[in-house]
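Working notes, structure below.
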Amino acid sequence: MKIDNINLEIARHLRDGRKSYKKIAAALSIAENTVRKRVNNMVEEGILRFSGLIDPGKLPGHQVVFIGVKLNTMKSIPKSEELSKLRGVLTSSVVTGSYDLMLQVLLNEECDMAEFYAHELDPVEDIQSAETYVAYKSSNMFVPYIL
């Protein structure tokens, strides 16, 4: 599927997940049916997903941390996919720089940092080291609730 400016504008309008297709169509001067068809196509192609997001800073006992991971293997893409399935992991990205991977992790009182390291990260093979960065204040951070 080709992503053009109309698709990007539709996605931009959908930041407000409750905005109607009718209002999006009016803003873009296109037919409501065109918006509906393009949204459905983007969902089917895995380009667009709808989900409820939370502000972790407003939930007592919750925090987001970023973990830089150095690997003992060059197989960073499969390792990133493996780590993305760990409890609390919001994103796992292959990155450039000092680390091979960067994880974004949602923690709470039941799955805190010690629990995450001991029961989620420690059993994973080929991790040389990990360094944690705690987000103590974030702006515009909304994440899916996965715990």
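Summing Cβ point charges (Lys, Arg +1; Asp, Glu -1) relative to the Cα centre of the chain gives a dipole of roughly 1060 debye. Each residue of the chain gets 141 Å³ once the volume of the Cα convex hull is shared out per residue. Ignoring lysines fewer than eight residues from residue 137 along the same chain, the ones with Cα atoms less than 19 angstrom from its Cα are 58. Between residue 49 and residue 30, the modelled label-to-label distance comes to 2.3 nm, taking each label 7 Å out from Cα in the direction of the beta carbon.
Positive-end ranking of 76, 62, 6 along the dipole of the chain, with charges on Cβ about the Cα centre, is headed by 6. Note on the chain: with a GNM built from Cα contacts shorter than 10 Å, the maximum mean-square fluctuation among 36, 18, 87 falls on 18.
FYI, it's all coordinate maths here, none of it is from the lab. Remember, it's a predicted structure, so these values are computed and weren't measured experimentally. For neighbour counting, all protein chains shown are included, and Cβ atoms are generated from backbone atoms with ideal geometry for every residue, glycine included.
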